[in-house]
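Taken together, the values in this text are just the output of simple stated rules run on the coordinates, not laboratory data. If you're wondering where the values come from, they're calculated on a predicted model, not measured in any experiment. Cβ sites come from the backbone with ideal geometry, for glycine too, and all protein chains shown count toward neighbours.
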Amino acid sequence: MELNFKNKVVLITGAAGGIGSTLVRDFKSHGAIVYGTDISPSSDSNYIQGDLTNDQFLSDLVNGILEKEGRIDVLVNNAGIYLRTPAKDITRSEWERLMDINLTSVFFLTQLVIDKMISQKSGAIVSLASVAGKVGGLIAGAHYAASKAAVECLTKSLAKLSAAHGVRVNAVAPGIIDTSMQDGVPAEQMEFLMKNIPMGRLGTAAEVADAIVFLASDASSYITGQTISINGGTYM
């Protein structure tokens with residue numbers, strides 16, 4: 001199966017992280033014009049540092065790409081934060097911060113981009129959900145799990161809105177992936193998690209990126225409103 005993104009304009013959030021940087025590399029390898037954004041600095045070409053919870057930044061980001069390229073063909077909502085705070089200890093400010101990054105920014109960035117995609121009669125959007133959004137947070141915080149469940153439902157709503165206009169909206173729900181998100185997980189908790197992965201290993205950023213690139217490509221042209229699980233069998 002050949003994945004061709006030649007001259008396609010791709011916007012990836014969370015582009016400085018493990019999955020995000022892998023996505024940038026993969027889309028470029030398939031010929032895409034890639035724009036990445038993150039709160040952290042990066043020396044990558046077409047990289048725009050900024051805060052996705054800032055409405056003015058979102059508007060400037062999208063309008064800047066459209067002014068330069070005239071279109072956005074793919075949006076990957078990859079940015080997010082992962083917190084493990086026990087439910088009884090979650091404060092209102094922590095709840096709101098996590099939701100602003102993991103859910104609210106996803107909606108408002110997608111709102112800006114999908115309007116252009118609908119007008120150009122084509123486009124693909126892929127957002128990052130999580131296995132925690134399907135089963136609840138055992139080690140992941142309740143707020144994290146709730147935000148990812150909401151992303152999955154938002155994906156369905158936007159897919160229904162845009163399907164007739166040639167725009168597809170999907171999500172992926174990774175399980176335990178070997179990235180910096182797992183830094184600081186106590187050894188006993190990691191041992192518990194590993195025992196619940198039938199394949200017996202952590203997933204890789206490349207395995208998540210492969211699924212996202214597929215969902216963004218013409219090879220998945222009849223797939224929309226779906227959440228693809230990538231978890232080694234943890235959730236079936």
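A few points about this structure:
- Phi to ³J(HN,Hα) by Karplus 6.51 cos²θ - 1.76 cosθ + 1.60 over the stretch 140-151, Hz, x for Gly, Pro: 5, x, 4, 5, 4, 4, 5, 5, 6, 5, 5, 4
- For peptides 77-89, 138-150, sequence by mean Cβ density within 10 Å, most packed first: 138-150, 77-89
- Positive end of the dipole of the chain (Cβ unit charges, origin at the Cα centre): among I48, T104, P86, the Cα lying farthest that way belongs to T104.
- Taking every C-alpha pair closer than 8 Å and separated by at least 6 residues, the mean separation divided by the residue count of the stretch 139-236 gives a relative contact order of 40 percent.
- FRET E, pair A219, E94, Förster distance 30 Å, beta-carbon r, rounded to 0.05: 0.15
- Here's how it looks for A79: its modeled amide H is under 5 Å from those of T13, G14, which are all 5 or more places away or on a different chain.
- For I230, the residues whose amide H sits under 5 Å from its own are A173, G175, ignoring neighbours fewer than 5 places away on the same chain, with H placed 1.01 Å from N.
- Extending 7 Å from Cα along the Cβ direction at N54 and again at V135 yields two label points whose distance is 3.9 nm.
- Each Cα pair under 8 Å and six or more residues apart adds its sequence gap; the mean of these over the residue count of the chain is a relative contact order of 20 percent.
- Gaussian network model of the chain, springs between alpha carbon atoms under 10 Å - residue of L202, L61, L215 with greatest fluctuation: L202
- Magnitude of the charge dipole for the chain, about its Cα centre and with charges confined to Cβ atoms of Lys, Arg (+1) and Asp, Glu (-1), is about 560 debye.
- With the gyration tensor restricted to C-alpha atoms of the stretch 1-126, the semi-axes of the equivalent ellipsoid amount to 27, 16, 13 Å, longest first.
- More than 31 angstrom apart: percent of Cα pairs within the chain: 18
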